[in-house]
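Each remark here refers to the structure printed beneath this line.
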Amino acid sequence: MTKPLPVRTKQLTFEDTALVPEFFGEHGANLKKIEEFLGVSIHARGNQVTITGETPDIELGARACEELYGLVESGFHPTPRDVDHALRILQENPEADLKGILLDKLFIHSGKRIVTPKGIAQKEYTDAIRNHDVVFAIGPAGTGKTYLAMAMAVSFLLRDEIKRIILTRPAVEAGERLGFLPGDLAEKVNPYLRPLYDALYDMLAFDRVANLIERRVIEVAPLAFMRGRTLNDAFIILDEAQNTTSEQMKMFLTRLGYRSKAVITGDVTQIDLPDKRASGLIEAARILRDIPGIAFVTFTKKDVVRHKLVSRIIQAYEEREKEQGDDTH
């Protein structure tokens, strides 16, 4: 039987009493989040915080409190969700630079909400986009691959670092049956592009998006529309890239023109290609990984930033698939 770790207490004092309420959160919500996440007890009085629990947990709790207070000193306004992200970051790496991650303002959208990285992998991803012309982001749903790429693209556009944004994804599910769907071609492929529109509308006001699309500053199109083009001064996002064929991936990558960036996102566990065709994303990861100027960023289920149940759902499915794999041996 494992012997329980000793319970001890640690007290912290924060100098600027004017900042303490912001750090504690409304009705102490930020401290409650730390309690809930780590299983410790926190008592706050004035500008003092007392943490009680097992040694590793109170040390992480103390580190989180000190880092969050430092963020408040820098003008950051943490919410319980921010605290949750901060705790996950520190749990992964207790020495992580929270300021460097959570104060990295990628974009401030029309609702005044600031888009920032929410974890170590997201920070690595956004830095890779800044420093490389081609970036592959591979990992499960909910890790922010497409959303952050969109935020970076809009930020580059508003700073005049590029002239246009091109958003594309393969319409694999339609396959050869596209002609049987009702409506013109735009109406047929629109359902496959809807997730890209959703992310775009979350960044900019609807009217502004419509205006930019009308002027072709922003283009949302199926991957087949990229053939034969050379894309200069553009930020190009290829979403759902696991559903590209080898030929499609090569075609897309060779569209890149001068002063352009390409971000390719995908989840190699969700391949919908017919007839068990090889994924262009998996092939690209194998043959391009060592080419200078191309970056690969890998996300895992621990990087999921959606509802906390999403990572548990992903884990449950992974365990089930492993059991099924074991059953076949």
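Quick notes on this structure:
- Reachable aspartates and glutamates, given that their alpha-carbon falls under 14 Å from the alpha-carbon of Lys163 and they are not under 8 places away in the same chain: Glu219, Asp233
- Residue of Leu90, Leu148, Leu309 that the Gaussian network model of the chain assigns the largest fluctuation, springs spanning Cα pairs under 10 Å: Leu309
- Pairwise FRET efficiency - Leu288 versus Lys163, Cβ, R0 = 25 Å, nearest 0.05: 0.45
- Relative to the longest principal axis of the Cα atoms of the chain, the long axis of helix 55-73 lies at roughly 70 degrees.
- Accessible area ranking (1.4 Å probe, heavy atoms, ligands and nucleic acids excluded), largest first, for Glu26, Glu161: Glu26, Glu161.
- When +1 charges are put on Lys and Arg Cβ atoms and -1 charges on Asp and Glu Cβ atoms, the dipole computed for the chain relative to its Cα centre reaches about 640 debye.
- Cα gyration tensor, region 1-150 - rounded (a/c under 1.5), prolate or oblate: oblate
- Carbon plus sulfur fraction of accessible area for the chain, probe 1.4 Å, in percent: 51 percent
- For the peptides 129-141, 263-275, 13-25, the ranking by packing is 129-141, 263-275, 13-25, with the highest mean count of neighbouring Cβ atoms within 10 Å listed first.
- Modelled FRET efficiency - R0 41 Å, Lys250 with Ser74, Cβ distances, 0.05 increments: 0.35
- Projecting the Cα positions of Ile138, Leu238, Pro56 onto the charge dipole of the chain (unit charges on Cβ atoms of Lys, Arg, Asp and Glu, taken about the Cα centre) puts Leu238 furthest along the positive direction.
- Normalised per residue, the volume of the convex hull around the Cα set of region 74-168 (Å³): 130 Å³
- Probe 1.4 Å - accessible area at Leu253, Å² to nearest ten: 50 Å²
- Rough spin-label spacing in nm, given labels placed 7 Å along Cα→Cβ, for Val268 and Ala29: 4.0 nm
- Computed label-point distance, nm, for sites Ala210 and Asp97 using a 7 Å Cα→Cβ extension: 4.4 nm
- Ranking Leu106, His77, Pro222 by Cα position along the charge dipole of the chain, where only Lys, Arg, Asp and Glu carry charges on their C-beta atoms, puts Pro222 farthest toward the positive end.
- On Cα atoms only, tilt of 80-92 relative to the major axis of the chain in degrees: 90 degrees
- Mean accessible surface per residue for the chain, computed with a 1.4 Å probe while every protein chain stays in place, in Å²: 54 Å²
- Cα centroid separation, region 1-61 to region 223-268: 48 Å.
- Where His27, His77 fall by accessible area, highest first, once all protein chains stay in place (1.4 Å): His27, His77
The values are calculated or read from the model by the stated rules, or taken from the named source; none is laboratory data. From a predicted model like this one, the values you see are computed outputs, not experimental measurements. All Cβ positions, even for glycine, are placed from backbone atoms using ideal geometry, and neighbour counts span all protein chains on display. Just so you know, the surface numbers come from the protein's heavy atoms only, side chains and all, with ligands and any DNA or RNA stripped out. Shrake-Rupley method; radii C 1.70, N 1.55, O 1.52, S 1.80 Å.
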